[in-house]
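Just so it is clear, none of the values below were taken in a lab; they were calculated from the coordinates. Note that the structure is a prediction, hence the values are computed from the model and not measured. Note: ideal-geometry Cβ built from the backbone for every residue, glycine included; neighbour counts use all protein chains shown.
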Amino acid sequence: MMFNAVLDNYAWGGSSYMKLDGVSKTWSITYEPPWGYSDITVLAHEMGHGFGMPHSSGNYGQTYDNVWDVMSDTWTNCSLSTDTTYGCRGQHTIAYHKDRLGWFAPGEKLTLSVGNFATVTLEQLALPQTSNYKMVKIPIRGSSTHFYTVEVRRKTGYDVKLPAAAVIIHDVDTSRSRPAYVVDADGNGNTGDAGAMWVAGEKFTDDINQISVQIDSAGATGFTVTIRNGGGPTSLSPADGTALAQGKTSSSLKWKLPLYVSKKQVSSYRVQASTDSGFGSLMIDKYQSGTSLTWKGLLPDMSYYWRVQPIYKDGSIGTWSSSSFHTVMTKAPKLGAPGNYSKQKKETVKFTWSKPTGTPSSGYYYTLQYGTDNTFTDVGQTTTVNNLLKTNYSTLSIPTGTLTNTIFWRVKLTNSDWTKDYSGFETAHYFLR
């Protein structure tokens, strides 16, 4: 209803149950004073209330401060969108309100359930040019009443009065009188500056609920974003950076369900393991229903990486969780004969040692060094024997030297080309008599 005078200094929009022309129902109603229809942005706002749309806002206790919504701040930047007859034109309403009124077709909205991630291209909300998604809804901890919405707004059509092209995120709690709050990172009370506009290269994160929105790139009429709702499996064991006990050649990999995900939702887990932090080459790549896996055949003094990804019964694929651990060198081979400080009457000697705990099951060799140099650096006084498979070695040519009759010897574990030590040395010496 249009009035030619101010009633109570307000324009009003809403609904009322009444009988009109014999029909009793809830009717949408607006009361407009002259200033309400001289600028059509006010009429659009009040008609929105008539359709059942509430206000939105920033998170600052104000009602009319969301520049991205005709249902909040209708006046900012009117100079960019004014008609000679209808005055200031209103911008579009936000994606949450359009979805609330059923204005999106099923293929125009993506709901990203907990434990999932997706990379999508979002189309501008005003004058869309493609069939891409118009909105992503991110339930927080699986709630149906508390969620984030993600939309793209660009200066086109009635949205020409907006500050700039950007991805806009709202925190929606349907129990509030103003359900949708603009996510404004800088918290400065201005919903129209860079703090509320998410552009390529920026990332919104909600660490408590393990939600993130990464703005990957901008296109001609939209933005590509990567969204994660909740992390992957939790409580990974061994924990990241763990050093396994000396001699361990296997590890039990364990994990728990992702946060806020029930066991009934998960079909299986994909487990990958590698010595490459980028998982370029895989030692394990398998699917299984359980939440543990034993990884055998670990080598000493190595870094290992592993990750787990849930596969859901609805066919969606969850987020990877990753961890790493490292093994330590095995103990040096225990030296046998000739014993430390022992006396040998013959230059012919048989060196013996024992296989240490934690020796790899294959691909290992022993390296033996002996000579008169206790630092084993003088190649003229030191003999090195590589690629020994047995735990003994006999020699007929002990170098007695001219200044000493003390022979030093030591043994370690290595790989086949001596580029990797699996243990340190244990050293002993004996006397020639």
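Structure values in brief
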quantity	calculated
Top of ASP207, ASP73, ASP21 by mean-square fluctuation, Gaussian network on the chain, Cα under 10 Å	ASP21
For the chain, built as a Gaussian network whose Cα springs stay under 10 Å, the top-fluctuating residue of THR224, THR121, THR382	THR382
Antiparallel %, DSSP beta bridges [both residues in the chain], to 5	90
Farthest toward positive dipole pole in region 12-229 [+1 Lys/Arg, -1 Asp/Glu at C-beta], among THR145, GLN62, VAL225	THR145
Fluctuation leader among SER237, SER322, SER361 - the chain, Gaussian network, Cα springs under 10 angstrom	SER361
Positive-end residue, region 316-427 charge dipole about Cα centroid, Cβ charges, pick of TRP418, THR330, VAL349	VAL349
Mean separation of Cα contacts under 8 Å (6+ apart) over length of region 234-326, as relative contact order %	35
Size of electric dipole in the chain: Cβ of Lys, Arg +1 and of Asp, Glu -1, about Cα centre, debye, nearest 20	3000
For region 152-246, size of Cβ-based charge dipole, Lys and Arg +1, Asp and Glu -1, in debye	400
Chain lengthening between LEU388 and THR226 when straightened (0.36 nm per residue, less Cα-Cα)	53.0 nm
For the chain, calculated [θ]222 nm from helices alone, where every DSSP H run of n ≥ 4 adds -39500 (n - 2.57)	-1500 deg cm²/dmol
Value of relative contact order over the chain, rounded to a whole percent, pairs C-alpha under 8 Å and six or more apart	10
Phi to ³J(HN,Hα) by Karplus 6.51 cos²θ - 1.76 cosθ + 1.60 over region 227-243, Hz, x for Gly, Pro	10, 10, 10, x, x, x, x, 10, 6, 5, 9, x, 5, 4, x, 5, 9
Selection from VAL308, PHE408, ILE211 lying farthest towards where the dipole of the chain points positive, charges on Cβ	PHE408
Vicinal HN-Hα couplings computed from phi for region 16-27 (Karplus, 6.51 cos²θ - 1.76 cosθ + 1.60; Hz; Gly/Pro x)	8, 8, 7, 9, 10, 6, x, 10, 9, 6, 7, 9
Only Lys, Arg (+1) and Asp, Glu (-1) charged, at Cβ; region 78-217 dipole about Cα centre in debye	420
